[in-house]
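Please read the structure below before turning to the comments.
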Amino acid sequence: MSSDWELLFLSFGPLVWGAVSGTVLLSLASFAIGLVLALGVALLRLSKNRLLSGIARFYISVIRGTPLLVQLFVIFYGMPSIGLVIDPWPSAIIAFSLNVGGYAAEVIRAAILSVPKGQWEAGYTIGMSHGTTLRRLILPQAARVSVPPLSNTFISLVKDSSLASLILVTELFRVAEEIASFSTKFMLVYLEAALIYWVICIVLAGGQGMLEKKLDRYVAT
């Protein structure tokens with residue numbers, strides 16, 4: 001029993017470091033890039049141009065219709081067959097960003113559509129262009145509506161980042177695998193890793209609530 005406690009103590013540091021330098025960093029980078037991509041795709045989806053809207057629909061359909069693991073493997077293991085060799089970290093960021101972009105695009109599109117049309121008319125009335133109205137009036141209000149589903153997307157991404165261990169990215173779960181294989185205490189180490197994932201998600205959920213309160217001032221009443 002004492003050896004179990006000793007293992008928990010000794011493995012805690014490496015697991016936390018794997019979470020901070022791998023899981024969290026990978027998730028933040030992928031989510032930030034994916035969010036920018038999602039905004040662009042959402043605006044294309046809302047475009048009256050059928051070609052642009054069709055491209056956005058196709059992208060979303062492909063991303064939502066295929067497993068994230070397959071997307072990850074296509075980029076890391078499949079691309080070399082056509083002469084594109086991408087290192088593990090960039091491969092993971094590309095795959096996760098594309099995945100976030102596909103799912104978050106529909107969230108952002110729905111959030112934009114949820115803003116009352118009167119807000120557009122108000123912007124036009126005071127002389128704002130379409131782009132200015134979108135940037136100054138619509139997007140801030142849409143941001144408040146989209147916070148809960150986007151937060152869920154980010155939390156899911158944090159957990160899904162464990163898939164990056166399959167392409168040799170050193171993050172929380174890969175560190176746990178290495179420790180578990182060396183110590184043969186698989187249940188103990190994996191439960192400790194699960195606890196760290198859980199704590200990260202709890203912290204993110206708390207941040208979501210704070211962000212929602214901060215954005216409440218942008219909601220039209």
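Between the residues Ala194, Gly18, Ile126, the greatest Cα displacement towards the positive end of the dipole of region 2-218, with unit charges on the Cβ of Lys, Arg, Asp and Glu, is found for Ile126. Toward the positive end of the charge dipole of the chain, with +1 on the Cβ of Lys and Arg and -1 on the Cβ of Asp and Glu, the farthest Cα among Leu150, Ile93, Ile167 is that of Leu150. Stretching the chain fully between Glu178 and Cys201 yields a gain of 6.0 nm (0.36 nm per residue, less the alpha carbon separation).
Paramagnetic label reach from Tyr124 (point 7 Å along Cα→Cβ; backbone nitrogen cut-off under 20 Å): within region 139-167, residues 139-142.
Ordered by packing density, taken as the mean number of other Cβ atoms within 10 Å over each peptide's residues, highest first, how do 24-35, 113-124 rank?
My ranking of the peptides, most packed first, is 24-35, 113-124.
Could you compute the net charge surrounding Leu51? Neighbours are other residues with a C-beta less than 14 Å from the C-beta of Leu51; K and R count +1, D and E count -1. Don't jump to the answer; show the numbers that get you there.
On the way: positive: Arg45, Lys48, Arg50, Arg57; negative: none.
That sum, taken over residues with Cβ under 14 Å, equals +4.
Can you bin the chain into rounded, prolate or oblate? Criterion: square roots of the alpha carbon gyration tensor eigenvalues sorted a ≥ b ≥ c, rounded for a/c under 1.5, prolate for a/b above b/c, oblate for the rest. Since a/c reaches 1.5 but b/c is at least a/b, the shape of the chain is classed as oblate. On a per residue basis, the convex hull of the C-alpha atoms belonging to region 1-57 measures out at 83 Å³.
Between Lys117 and Phe58, the FRET efficiency from the beta-carbon distance, with R0 = 22 Å, is close to 0.20. Going by alpha carbons, how many degrees (0 to 90, nearest 10) lie between the helix axis of 88-114 and the longest principal axis of the chain? Roughly 40 degrees, rounded to the nearest 10.
Show that you can apply the helix-only estimate: for the chain, add -39,500 (n - 2.57) for every DSSP H stretch of four or more residues, divide by all residues, and state [θ] at 222 nm to the nearest 500. Before the final figure, lay out the partial values.
Working: 10 runs with 164 residues, N = 221.
Mean residue ellipticity, 222 nm, calculated: -24500 deg cm²/dmol.
The string of couplings for region 155-163 from the Karplus curve (6.51, -1.76, 1.60, θ = phi - 60°) is 4, 5, 5, 4, 6, 5, 4, 4, 5 Hz, one whole number per residue in order, with x for Gly and Pro. Pairs exceeding a 27 Å alpha-carbon distance, out of Lys159/Lys213; Lys48/Lys117; Lys48/Lys214; Lys117/Lys213: Lys48/Lys214. Extension gain, Val85 to Asp216, is 42.6 nm, computed as 0.36 nm per intervening residue step minus the present C-alpha separation.
Each residue, Arg135 and Asn49, gets one label point 7 Å from its Cα in the Cβ direction; the gap between the two is 1.9 nm.
Here, each number is a calculation from the coordinates, and none is a lab measurement. Given the structure is predicted, the values throughout are model-derived calculations rather than measurements. Neighbour counts run over all protein chains shown; Cβ positions are idealised from the backbone, glycine included.
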